[in-house]
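Let me begin by handing over the structure; questions about it come next.
The values are calculated or read from the model by the stated rules, or taken from the named source; none is laboratory data. Computed from a predicted structure; not experimentally measured. Note that each Cβ is placed from the backbone with ideal geometry, even for glycine, and that neighbours are counted across all protein chains shown.
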Amino acid sequence: MASIFSRIVAGEIPCYKVAEDDRFFAFLDINPMVKGHTLVIPKREVDYIFDLEDDELAGLHLFAKRIAKAQKAAFPCQRIGMAVLGMEVPHTHIHLIPLQKESDMLFSNPKLSFTPEEFEEIAAKIREQL
Ligand code: AMP
């Protein structure tokens with residue numbers, strides 16, 4: 001069965017989309033650690049990031065770089081933190097997290113909640129900066 005992220009890419013499950021190209025896709029994390037927390041994924045479903053082909057791994061990072069620059073412009077912060085866990089969803093994803101301080105990156109922090117309108121506004125702010 002397709003992963004939940006493949007179903008998002010296919011448009012079967014809604015998301016707050018930030019960007020896509022032919023190989024990669026970016027959307028807001030639904031349980032954000034901070035405002036603007038975004039996931040970037042390869043459209044091709046591969047569980048473990050280090051099982052990606054070299055070219056795909058490199059491309060994913062270049063795509064993440066584009067998104068991170070837009071996030072930083074949309075939500076001024078010290079830097080964009082990057083993390084890969086994959087403990088929950090078996091489809092490679094990079095977390096891109098606007099950081100004001102080191103502890104913003106602690107995955108044990110309580111997650112924020114936003115209304116659908118707020119999520120859409122956050123995604124739109126990032127898209128405007130692409
Ligand atoms: P992990 O696999 O440990 O990196 O965690 C999976 C991440 O995906 C978590 O931060 C979840 O909040 C996020 N997530 C799970 N389902 C969705 C979804 N349908 N839309 C957006 N983010 C999701």
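Out of everything in segment 99-120 that is among the polar types (S, T, N, Q) and more than 17 Å from the chain's Cα centre (by Cα), what residue ends up being nearest to Ile30 (Cα to Cα)? So that I can check it myself, show each step before the final result.
Filtering segment 99-120 down to residues among the polar types (S, T, N, Q) leaves 100, 103, 108-109, 113, 115.
Of the ones still in play, those that are also more than 17 Å from the chain's Cα centre (by Cα) are 100, 103, 108-109, 115.
Working: Gln100: 20, Ser103: 20, Ser108: 15, Asn109: 15, Thr115: 11 Å.
Once the filter is applied, the top-ranked residue is Thr115.
State which residue is farthest from the ligand (Cβ to nearest atom) when the search covers only segment 98-130 and only residues that are among the aromatic types (Phe, Trp, Tyr) and assigned to a loop (DSSP other than H, G, I, E, B). Let's see the steps before the verdict.
The initial filter retains those residues of segment 98-130 that are among the aromatic types (Phe, Trp, Tyr), namely 107, 114, 119.
Still in the running and assigned to a loop (DSSP other than H, G, I, E, B): 107, 114.
Values: Phe107: 7, Phe114: 12 Å.
It comes out as Phe114.
So how many residues does segment 5-29 have that are touching a residue at least 24 places away in the same chain (Cβ under 8 Å), surrounded by 15 or more Cβ atoms within 10 Å (Cβ to Cβ) and either part of a loop (DSSP other than H, G, I, E, B) or not small (Gly, Ala, Ser) (or both)?
Filtering segment 5-29 down to residues touching a residue at least 24 places away in the same chain (Cβ under 8 Å) leaves 5-6, 9, 16-19, 21, 23-24, 26-29.
So of that shortlist, the ones also surrounded by 15 or more Cβ atoms within 10 Å (Cβ to Cβ) come out as 5-6, 9, 16-19, 24, 26-29.
After this cut, where a residue has to be either part of a loop (DSSP other than H, G, I, E, B) or not small (Gly, Ala, Ser) (or both) as well, the list is 5, 9, 16-18, 24, 27-29.
Qualifying residue count, segment 5-29: 9.
If you don't mind, there's one more thing I want to ask. Regarding Ala64, is this residue within 22 Å of Pro14 (Cα to Cα) and within 16 Å of the ligand (Cβ to nearest atom)?
Numbers: within 22 Å of Pro14 (Cα to Cα): yes; within 16 Å of the ligand (Cβ to nearest atom): yes.
In short, yes.
What's the number of the only condition in (1) in contact with a strand residue (DSSP E or B) (Cβ under 7 Å, 6 or more places away or on another chain); (2) of a type in the set (Lys, Arg); (3) surrounded by fewer than 11 Cβ atoms within 10 Å (Cβ to Cβ) that Lys101 fails to meet?
Unmet for Lys101, out of (1) in contact with a strand residue (DSSP E or B) (Cβ under 7 Å, 6 or more places away or on another chain); (2) of a type in the set (Lys, Arg); (3) surrounded by fewer than 11 Cβ atoms within 10 Å (Cβ to Cβ): (1).
Is it the case that segment 61-72 has a residue that's surrounded by 13 or more Cβ atoms within 10 Å (Cβ to Cβ), among the β-branched types (Val, Ile, Thr), at pLDDT 95 or above and within 13 Å of the chain's Cα centre (by Cα)?
yes
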